[in-house]
Each structure stands twice: as C-alpha cells, then as structure tokens.
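Trainee: Structure below; questions to follow.
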Amino acid sequence: MAMTWRHLPPPARAIAVAASDAVDLVQADDRDAFEVAVKALAGTEGAGLVLGAVVRLLLEDLHPDGLAGDDIRRIGAECLRAGAGWEPPPDPHLVLVLLTGALGVHDQDEDAPRPAPELWTRHAALLVAHLLTSAPYPLARYLTAAFAEIERAELHD
C-alpha cells in the first residue's frame, strides 16, 4: 500500500511522492515512466537534501559499524552494475559524489559545473533503489526519518 504523505506540508509531500514514484519505477524496471518521474522529482525544491539524507540513513542501517573507502567503492560498483542496463547508464563519478556527499565527506569544488538537477535525481533514485534491495526497511521509513532529521536541524538553526 502506497503512503499518501497527507501529514506532510505540501512541499515535503511533493518530494515524498515524487521520490517514492521514482524509486518504485526503478524497482519495477519501468524506464519510460521513470524518466518522467525523475523530471517531477528534479522539479521539487529540496529533493537533493531529502535524497541525501535517505542515502545516509540507508548506509547507516546497512553498515552499522561504519564505512571504509573500500565499502564506498564496492557500493558504487554494485550500483553501477545494477544500473548498467539503463539508458544512459549511471555515471561513476556522480554515484561516488552522491555516496560521499551523503556521508558529508565530499568537498564540492565551487568552480566546477554542476550537473542538471534531473541528472542528480536520476542517479539518486537509482542509488536509493539499489540500497533498498538490502535494506531492513521500506523507503517510506527512510523518507519519514529524513524529513524528521531535516525538521530537527531547521528548528535548531
């Protein structure tokens, strides 16, 4: 049963629905609908922050003893293999940036051009879908936890 997310304010609800749709479509291998969902997700302000938190929460659950560089490389390689049949296939650099960024260890070069939001959200949805294959909980739980963390952080700033 899909979550309605009615309890969330409209901007957060839009992110939750769009992220859920995109990840569900990866899991269903519905490539045409996925591309449409990625555009919707990319159009939601704050999607990157939420998806980054979801990736971090997934990594924490999947690696409770912490992650080493080899773990990050292995996870990235697994994600790339899982997404190899997608057109275009995932970009190794973007997957690495998503993983290290979610963990807070990636220093973004301010002068480097940023990929289009659709490219980021596409890669994030593919990465989240891959991580969920081994996760102990469904996406809804990670989204709920991500929104709660973001809300706490905003209240304490």
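The values are calculated or read from the model by the stated rules, or taken from the named source; none is laboratory data. What you are looking at is a predicted structure, and each value in this text was computed from that prediction instead of being measured. Positions of Cβ are generated from backbone atoms using ideal geometry, with glycine treated the same way; all protein chains shown enter the neighbour counts.
Trainee: Say we look at segment 98-152 and pick out the residues that are closer than 17 Å to LEU62 by Cα and hydroxyl-bearing (Ser, Thr, Tyr); which of these is modelled with the lowest pLDDT?
Mentor: The qualifying residue modelled with the lowest pLDDT is THR100.
Trainee: If you don't mind, another one. Can you pull out every residue in segment 129-157 that is among the charged types (D, E, K, R) and touching a residue at least 60 places away in the same chain (Cβ under 8 Å)?
Mentor: Once the filter is applied, which keeps residues that are among the charged types (D, E, K, R) and touching a residue at least 60 places away in the same chain (Cβ under 8 Å), segment 129-157 yields only GLU149.
Trainee: Looking at (1) of a type in the set (A, V, I, L, M); (2) over 15 Å from the mean Cα position of the chain (by Cα); (3) over 21 Å from ALA33 (Cβ atoms); (4) modelled with pLDDT under 95, which is the only condition ALA77 fails?
Mentor: ALA77 satisfies all of (1) of a type in the set (A, V, I, L, M); (2) over 15 Å from the mean Cα position of the chain (by Cα); (3) over 21 Å from ALA33 (Cβ atoms); (4) modelled with pLDDT under 95 except (4).
Trainee: So, in segment 19-65, how many residues would count as being free of Cβ contacts under 8 Å to residues at least 12 places away in the same chain, assigned to a helix (DSSP H, G or I) and closer than 18 Å to GLY101 by Cβ?
Mentor: 1
Trainee: Restrict the check to segment 60-69 and report whether at least one residue is of a type outside the set (Gly, Ala, Ser) and farther than 18 Å from TYR137 by Cβ.
Mentor: Scanning segment 60-69, I find at least one residue that is of a type outside the set (Gly, Ala, Ser) and farther than 18 Å from TYR137 by Cβ, so the answer is yes.
Trainee: Taking the criterion of being more than 16 Å from GLY76 (Cα to Cα) and assigned to a helix (DSSP H, G or I), would at least one residue in segment 96-115 satisfy it?
Mentor: Checked segment 96-115: no residue is more than 16 Å from GLY76 (Cα to Cα) and assigned to a helix (DSSP H, G or I).
Trainee: Any chance segment 47-57 includes a residue that's more than 12 Å from the chain's Cα centre (by Cα) and surrounded by 12 or more Cβ atoms within 10 Å (Cβ to Cβ)?
Mentor: No: zero hits.
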